[in-house]
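Undergrad: The structure's right below; bear with me while I get my questions together.
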Amino acid sequence: MRKIAILAIVCLATACGDVSGEVWFVPGWRTGFSSRDGCVRILKDIYPGQNIRVCSWDSLQPWQTAVRNSREFTGQLNQEIMRLDHSRRRDIILVGHSIGGEIVLEILSRLAGHKMSIHSAAILGGAVPCDDPRIVQALHAVRFHISNVYDPGDWVLKYLYPLGNSRVVPLGLAGWAGSDPRFLEISASGKKSSFYNHYAYLYLEVLAKMPDKHSELLETAYIEPFELRRPADTLFWNDLETVGSWKLQTHYDGTSRILDPYGVRRAAGTRQEMENLFTGLKAELKKAVPR
């Protein structure tokens, strides 16, 4: 298993290169500024080293007005992304919550129509139909994958969303009706069901725990998952070693991790586990370098 993990990381390393990406977060309906700040703090921990941008839109309106505003904003954000230089656009990660997930999905389907792509995307409590045909289209607009976090206990999606959508089952409630290895899913279902379960930060906390969420190529099941909540993530981590823009880092509490060239965590565990994995990674990277 360890050999497979190292080889998978190397394959990803040669594909990634030395780049720095951006995470664009699209909030949902009536997401206030204080809530957005909390989401940014979590996003900084999920995507260490990435630039986090909140794509604000006029969502603090009655539902029908907000829907119209979201459609107008979708066009504006789509045009902005399409105008970006290819080298920048390819490294963008789009994260959308609730109707923000619908905005992300629509943008991806439009990009696919123009044969453009971004790094990856995540949909949190998506307020879109679970059988939406745009999901298949959207997969052609990501270089890696789309992550979907859903919650069967989300009362907003269970009782309110269907009222204006002919009682359609939403993606954020039941997951995708289709199947594709690049569409990664995890349930946020807990012991409680509530309207409060629709909050973006709850979905983000589950996204942070999503195993191998950044690439289906990486196999690190032999390492116990370790989740650390730290708003100022970079202040608590020190570089132990760097190779080909990959970093081996250690935390003051003794935990260690490996970051890829995008600054995304690929593995975490004890220092000895990470040093062993990183040693293997270095050896395989040397083999991958053409002579």
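Undergrad: Condition (residue is surrounded by fewer than 22 Cβ atoms within 10 Å (Cβ to Cβ), at pLDDT 90 or above and hydroxyl-bearing (Ser, Thr, Tyr)) applied to the stretch 163-179: is it met by at least one residue?
TA: no
Undergrad: If you go through the stretch 109-131, how many residues are closer than 29 Å to Trp63 by Cβ, out of contact with any Ser or Thr (no Cβ under 7 Å at 6 or more places or on another chain) and surrounded by fewer than 24 Cβ atoms within 10 Å (Cβ to Cβ)?
TA: Result for the stretch 109-131: 7.
Undergrad: Is there any pair with a first residue in the stretch 161-180 that is in the same structural domain as Ile135 (by TED's automatic domain parsing) and a second that is of a type in the set (Asp, Glu) and surrounded by fewer than 14 Cβ atoms within 10 Å (Cβ to Cβ) whose Cβ atoms are under 9 Å apart and which are 6 or more apart or on different chains, and what are they?
TA: Matching pairs, first to second residue: Val168/Asp131; Val169/Asp131; Leu171/Asp131; Trp176/Asp131; Ala177/Asp131; Gly178/Asp131.
Undergrad: In this structure, does Arg53 turn out to be in contact with a Pro (Cβ under 6 Å, 6 or more places away or on another chain) and closer than 29 Å to Asp260 by Cα?
TA: Working: in contact with a Pro (Cβ under 6 Å, 6 or more places away or on another chain): no; closer than 29 Å to Asp260 by Cα: yes.
Judged against the criteria, Arg53 is not a match.
The values are calculated or read from the model by the stated rules, or taken from the named source; none is laboratory data. These figures come from a predicted structure and were not determined experimentally. Note: ideal-geometry Cβ built from the backbone for every residue, glycine included; neighbour counts use all protein chains shown.
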